[in-house]
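Participant: Have a look at this one before I ask anything.
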Amino acid sequence: CINDSDTFISLLTDEFGYDIADIRQLRDDHPQRMPTRKNMIAAMKWLVSGARAGDHLFLHYSGHGTQVDDTDGDEMDGKDEALVPVDFQKGGMISDDELRRILVQDLPKDCRLTVILDCCHSGTAMDLPYKVVATPDGGLDVKKKPNHKLPRPAAGEVVMLSGCQDDQTSADAGKGLAGNTGAAGAMTTAFKVAIKKKPSASYHDILENMRTFLKAQRFTQVPQLSTEHFLKLSECFMPEAQKRAAAQPVHAPAAPTRAPMRKALSIGINYYCLPKDKGQLSGCINDSDTMIGILQDTFNYNSHEICRLRDDRNNMMPTKANILAALRWLTQGATAGDELFFHFSGHGGQVEDKDGDEEGGKDSTLIPCDFMQSGMITDDDLYELVVEPLPAGVRMWVMMDCCHSGTALDLPYKVDIGADGKSMKLARAHIRRGGPPESKAEVVMISGCKDSQTSADVQAGGNQKAAGAMTTAFRNCVNRTITCEDLLLKMRDYLKRHKYEQVPQMSSEQYVQLDAPFVSYAAVPKKSREITFSTPWAPTTSHPTPPTPAPQVFSMSTPPASPMLHAAAPPAMHGPPSPMLHAAAPPMVHPLPSPMMHGQVGHPQSPMMHQAPPMHMGGQYYYQAPGMNAYQQPVQQTQGMHDPARIAQLQAQIAELKRASSPMRSTSPYGW
């Protein structure tokens, strides 16, 4: 665990430009930096003290994690997660409720706190609302705590990466794995490999690459991301990398020469060209009327901004040629700031995929009213016409109430609702599209069903008009403030309560920011953060310590002493439409380590754990001989390390370095 702490300090300084003077470390092989409960809490309070917008705070912990009984009823499994200080038997542990109260609750808006926990039972160790886990197929499972379990929301941005889920243990990795020069935590090693491979890796990439690495090494633990607010998961994990990428010269889009513009297109096709029992529908034109009402009442569109096609009007016929022309009108001349809306209600179909860009071997299609003469419109056609021309800064909403519409725009990201009706799975589609790169516009689509499903009609009855089930669900759930996540979940719940099997889908050109309002959707990248200084803090100690520059990072390690808690994991063996197209249709607490009190010389050690390092005390280094319970044999004399004159000399050197604005790489045993 102490090696893990050193690894993170190296990563922060080597990969992200942190000055060693900005980093504080607690470690229990040093009497002046003991990670007692008192020192850990004091250090965490110091870390967030005086935090303000633009700050980036960083906390790393490697050591024991455990679970205790939940006393306030905020946990789904009835257990609070806890960190284990070296003096836990005397001082107690630090629960997730305490961690949230100290670190999260009062964090100001636009202040970022990054937390890395390499310990057992750490999945929800900060009680953050959102939980993200990489799935074996490359997707992400995203879950949000139920509303009655949510803590009081905090304004700051908090991101935590933990070594495992709450019901798992976090393993040790032996010397030699991934270039480790000593024993290390498996999670820390996986993070090091992922971040060195690509320092600007996204949240998704970090989580996916860590899971891939751990699985390849036969570790069963699954790393987990938790957040206070939903993140744009395609952004850089480390803000410093985001800032560095933003500093690279880019070709900025041309400034718009006109005011932002709004356009909407709504298409409703009942297929009056077909017999009533051979594919004619009854509710699609009504859907178009409904959607135009929503556009005007909820999205604040004006009537002159809306174009419509419907097959009960000779001058609005939704032929293939007219649909393609209307789509060109919709996107033609779009510039940053424009807002576009496309709605289709009618038949959807599938045809053989001829260019190999579909995993299922089928292209989704929209079916015009003259499909028998002119053919259908494939998802490839739609992407090329609707999405590809859009520049950065354009927002588009798409609503597809038709069969086989889950991927009707071939968008690269999709959101699936879990079987429990509450969780979400975010997946990156493996679209093998040639030609130009994806659009930089924000395009969000809600479709009526999965590619393999049909989308149902609601038949007329009583005072109710015929309509599409998906459009009806959207009308009953949408409002100006509802988030993307809540809208999709409420639509699914509405359809399920009314006995419809279809599952609405959400897909997007960029990662969907699920906690953003759907009606005013805009996923804005996080601001770059500047490094700032805070009030200095020093651990409680009986030894005098020189004054230090104010650090921005806090790392602490309490090496595990029990082979069952943080031990290395053993290898695990381990065509034309038919009438059916739109028809109705017990937690375990592991043994804890032996106590290590503040100032105590003893260093209990399990045979399976890290070899105890030499302890520096009083100008001498001590080591623990086999069979001995304390450091008691001097192996080397180091002169001047605690000599007052030497300390004064170091202080003078530090002051001189600060005056010269030079990066400081002190060799002081205090680790500044």
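Participant: Can you sort TYR494, TYR130 by solvent-accessible area, 1.4 Å probe, largest first?
Facilitator: TYR494, TYR130
Participant: Ok, one more. Go through 399-407, 183-191 and give me the packing order, highest mean Cβ count within 10 Å leading.
Facilitator: The most tightly packed comes first, giving 399-407, 183-191.
Participant: Let me make sure I get this right: for segment 442-481, a, b and c are the square roots of the gyration tensor eigenvalues over alpha carbons, sorted descending. Under 1.5 in a/c it's rounded, otherwise prolate if a/b > b/c, else oblate. Which is it?
Facilitator: oblate
Participant: How many angstrom lie between the C-alpha centres of segment 150-167 and segment 103-136?
Facilitator: Segment 150-167 and segment 103-136 have Cα centres separated by 3 Å.
Participant: Now, a different point. Identify the trypsin sites (Lys or Arg not before Pro) of segment 147-210 meeting these criteria: DSSP loop state and at most 15 other C-beta atoms within 10 Å of the C-beta.
Facilitator: LYS175
Participant: Quick one: of LYS131/LYS243; LYS196/LYS422; LYS38/LYS215; LYS278/LYS362; LYS143/LYS192; LYS320/LYS425, which pairs are farther than 29 Å apart, Cα to Cα?
Facilitator: In this structure, LYS196/LYS422; LYS38/LYS215; LYS320/LYS425 exceed 29 Å between Cα atoms.
Participant: Here's something else I'd like to know. Based on alpha-carbon centroids, what's the gap between segment 442-484 and segment 276-338 in Å, whole number please?
Facilitator: 16
Participant: Compute the Cα gyration tensor for segment 268-359, then decide on rounded, prolate or oblate, letting a ≥ b ≥ c be the square roots of its eigenvalues: rounded whenever a/c is under 1.5, prolate when a/b is larger than b/c in the other cases, and oblate in all that remain.
Facilitator: Cα axes put segment 268-359 in the oblate bin.
Participant: Which aspartates and glutamates have a Cα lying under 12 Å from the Cα of LYS440, excluding residues fewer than 8 positions away in the same chain?
Facilitator: Answer for LYS440, where 12 Å is the Cα cut-off: GLU388, GLU509, listed by chain and number.
Participant: Then there's this: Quick one: how many Å² of THR212 are accessible to a 1.4 Å probe, rounded to 10?
Facilitator: 90
Participant: Which trypsin sites (Lys or Arg not before Pro) does segment 1-53 hold that lie in a coil by DSSP with at most 15 other beta carbons within 10 Å?
Facilitator: Qualifying residues, ordered by number: ARG52.
Participant: Any idea what log10 I(q)/I(0) is at q = 0.22 Å⁻¹ for segment 201-247, Debye with uniform C-alpha scatterers and no solvent?
Facilitator: Listed by q, the Debye log ratios stand at -0.80.
Participant: Can I ask one more? Run a plain Debye calculation on segment 18-103 (Cα atoms as equal point scatterers, no solvent) and give log10 I(q)/I(0) at q = 0.18, 0.22, 0.23 Å⁻¹, rounded to two decimals, same order as the q list.
Facilitator: -0.88, -1.16, -1.22
Participant: How would you classify segment 50-182 from its alpha-carbon gyration tensor, with a ≥ b ≥ c the square roots of the eigenvalues: rounded for a/c under 1.5, else prolate if a/b is greater than b/c, otherwise oblate?
Facilitator: Rounded, because the longest to shortest axis ratio a/c is under 1.5.
The values are calculated or read from the model by the stated rules, or taken from the named source; none is laboratory data. Not measured: the values here are computed from a predicted model. Every residue, glycine as well, gets a Cβ built from its backbone with ideal geometry; the counts of neighbours run over all protein chains shown. The accessibility values were calculated without ligands, DNA or RNA, using every heavy atom of the protein model including side chains. Shrake-Rupley method; radii C 1.70, N 1.55, O 1.52, S 1.80 Å.
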